[in-house]
Amino acid sequence: MERLRGFEVAKGWEDKDIHIPIRKTKHAAGYDVEAAEDTVVPVFKQGDKPTLIHTGLKAYCQDDEWYMLANRSSNPGKKKLVLANGIGIIDADYYGNPDNDGEFMYAYYNFGTEPLEIKKGEVIGQVVFMKYLITDDDSATGERMGGFGSTSK
């Protein structure tokens, strides 16, 4: 069977009881993703970097696809958690990169009044796979050389 898209446990997380994401209903667009370890998200202060929550997962997809890391709809209201970049856009060539094997992480800010503890196994977000289009005059030839935040390097 040809592999089109899916999830795998990233290197270094093989013995950590990482669960492959699933859709909870047959019409759901997103696959629910769990935290790979306990993480405390501090209360946001101006100038803070977002807290990266590990998933222990990598995902593969076709060359003309990407996957979106999306917040859970309940997180901002109930937990005061907001994705730092609104959504995460992960390109197909992020899979297996030399820096972190393609592990994707969620970057969160906590706008609550108390530090928030995320427990291992807690659903922290969703992944939605998408197709993309290119312009008539596209001439991209670059190759990925690293992992998280490496696109412009």
Could you pull out the residue among 77, 86, 121, 142 that is out of contact with any Asp or Glu (no Cβ under 7 Å at 6 or more places or on another chain), at positive phi and small (Gly, Ala, Ser)?
86
Looking at region 44-64, I want the residues that are farther than 12 Å from residue 8 by Cβ and of a type in the set (Phe, Trp, Tyr) and have a partner that is modelled with pLDDT of 95 or more and surrounded by fewer than 21 Cβ atoms within 10 Å (Cβ to Cβ) with Cβ atoms under 9 Å, at least 6 apart or on another chain. Which pairs are those?
44/50; 44/80; 44/82; 44/109; 44/111; 44/112
Flagged in region 42-98 as among the hydrophobic types (A, V, I, L, M, F, W, C) and farther than 30 Å from residue 3 by Cβ, in numbering order, are 43, 44, 81, 82, 84
Please determine, by comparing only the residues of region 80-135 that are surrounded by 15 or more Cβ atoms within 10 Å (Cβ to Cβ) and among the basic types (Lys, Arg), which one is nearest to the chain's Cα centre (by Cα).
120
In region 58-106, what residues are assigned to a helix (DSSP H, G or I) and under 23 Å from residue 120 (Cα atoms)?
75, 76, 77, 78, 79
So which residues in region 13-29 are under 17 Å from the mean Cα position of the chain (by Cα) and either more than 17 Å from residue 129 (Cα to Cα) or acidic (Asp, Glu) (or both)?
13, 18, 19
Checking residue 12 against (1) on the phi > 0 side of the Ramachandran plot; (2) of a type outside the set (Phe, Trp, Tyr); (3) in contact with a Ser or Thr (Cβ under 7 Å, 6 or more places away or on another chain), which test does it fail?
(3)
Just to be sure I understand the filter: pairs with C-beta atoms under 7 Å, separated by 6 or more residues or on different chains, first member in region 103-128 and in contact (Cβ under 8 Å) with a residue 12 or more places away in the chain, second member basic (Lys, Arg) and assigned to a strand (DSSP E or B). Which pairs pass?
103/58; 104/58
Please find, among 112, 121, the residue that is touching a helix residue (DSSP H, G or I) at 6+ places or on another chain (Cβ under 9 Å) and in a loop (DSSP other than H, G, I, E, B).
112
Sort out which residues of region 19-37 are free of Cβ contacts under 8 Å to residues at least 24 places away in the same chain and of a type outside the set (Ser, Thr, Tyr), and write them in order of number.
22, 23, 24, 26, 27, 28
The lone condition residue 2 fails out of (1) touching a strand residue (DSSP E or B) at 6+ places or on another chain (Cβ under 8 Å); (2) over 18 Å from residue 126 (Cβ atoms); (3) modelled with pLDDT under 95 is (1)
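The values are calculated or read from the model by the stated rules, or taken from the named source; none is laboratory data. Here the structure is a predicted model, which means the values were calculated and not measured. Cβ coordinates were reconstructed from backbone atoms using ideal geometry, including for glycine residues, and neighbour counts include every protein chain displayed.
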